[in-house]
Amino acid sequence: MDNDILPKLWFLCQVWRTWLDADDDLHNHIYRTLSRKPFALIVEELSSVVLEIKPLLPDIIKREGLFVAIDEANVASEPAWWDREEKHPPLKNLIRTWQRHLAALDCPITFVVAGTEIPMDAFPSASPEWSNWRWTSNTGSFDTPDVQRDYIIPFLPPSFPETPSGKAFIERVWNWCQPRHRLTASLIHLLIEDKFRHPHVMLDRYIKRLITYEATDGAAFSKMEGSSDTQPYFYAIDGVIASDQLAQSAAHEVIFHYIMTGGHPRHYGVDRINIVTRGVGQFKDGAMQVIAIDQPGITIAAAIWLGKDHEAGQSEELRSLKLFSSFSKTFNLRWPNGDKYSSAG
């Protein structure tokens, strides 16, 4: 097969699943195919592919190197997957395997391993193998409207941003999607799927799905755009909160702090990293020590979920904001290390 057409076919496989008669993600098909192959064959083929890539590298890559990203690395760090004999997470073997194969490219290789709750003691800085690795939570965010706008503009139709509808849309995106990159990126995904025909309607549906809130700040523009068949592909945040009791407790504390003081509570420490893993909180510093629940959409979603009536048959799910004593008593017992409920520090 002509090498020039391979990238196009790969792109087509990802954006048009029906081309392969696939009901799920292409990567799942790749995984299932590889899982049926002998491990020795996979290693041999991988080495062969790397050697085929080497002469194709442009000079700038040979000089400045490649970046290799391993996302959701926390999954490969979970205790359930640890090697019982070697007593370390499979993530370590994953990194070592790719280091060994990519060394054949003879160019600088920088690994970016992204994920929360990766055990630091499995990658000790004192060890020569890991001494040049740097731990950081400084992954950036949309901290100002201008930074977020610069990200959005290239995806929009050229004339749209300067129209009244476009200006209102960009302002709405800032109000609802800041500061995390993934919130804005998820919306852009939805807009592309809809071919940018209903930007305000898509933002309304994004808000409705994500935080179960009916937004009306763009009602006039949404009415002019009409209806769309495109629906969000992700789950609501309240499902994340409902499935994790520590996230519930932290969200409850934040909401009550807003109600009682009108301001955001003090930040949590790294011992509450669970709320980052669940997507409810975020790091506020580059050293992975300061955690906050301060994203507008997530805070509203938490307030709505907590404000719903107690569900029958769920004796421990004390959700009403009126039941502060019972709720705090329930979750006082669920923080690790004997921490008290109101102990954001």
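The values are calculated or read from the model by the stated rules, or taken from the named source; none is laboratory data. Fair warning: this is a prediction, and the values are worked out from it, not measured in the lab. With ideal geometry, Cβ positions are generated from the backbone for all residues, glycine too; neighbour counts draw on all protein chains shown. Each accessible area value is taken on the protein alone, full model and side chains, heavy atoms only, with ligands, DNA and RNA left out. Shrake-Rupley method; radii C 1.70, N 1.55, O 1.52, S 1.80 Å.
Observations, loosely collected:
- Label-to-label distance, Ala40 versus Ser127, with points set 7 angstrom from Cα along the beta-carbon direction: 2.9 nm.
- Residues whose amide H lies under 5 Å from that of Val113, counting only those 5 or more places away or on a different chain, are Ile70; hydrogens are built 1.01 Å from N in the peptide plane.
- Highest average first, the peptides 268-274, 250-256 ordered by how many other beta carbon atoms sit within 10 Å of their residues are 250-256, 268-274.
- Sum of side-chain charges, Phe221 neighbourhood, beta-carbon under 15 Å (Lys, Arg +1; Asp, Glu -1): -1
- Region 226-277 - accessible surface per residue (Å², probe 1.4 Å): 47 Å²
- 14 Å beta-carbon shell around His200, net charge (K/R +1, D/E -1): 0
- Simple label model, 7 Å out from Cα along Cβ direction - His264 to Val68, nm: 3.7 nm
- Each Cα pair under 8 Å and six or more residues apart adds its separation to the average, and for region 136-267 the resulting relative contact order is 18 percent.
- For region 268-307, alpha-carbon Rg over 2.2 N^0.38 Å: 1.18
- For Gln282, neighbours were defined as the other residues whose beta-carbon sits under 13 Å from its Cβ, and their charges (Lys and Arg +1, Asp and Glu -1) total +2.
- For region 145-212, applying the loop criterion from DSSP together with a ceiling of 10 other beta carbons within 10 Å to the chymotrypsin sites (Phe, Trp or Tyr not before Pro) yields no site.
- Estimated Rh, region 182-294: Kirkwood, alpha-carbon pairs, angstrom: 15.9 Å
- Per residue Cα convex hull volume in Å³ - calculated over region 57-206: 174 Å³
- Within the accessible area of region 126-257 (1.4 Å probe), percent carbon and sulfur: 55 percent
- Shape of region 177-219, Cα gyration tensor, a/c cut at 1.5: oblate
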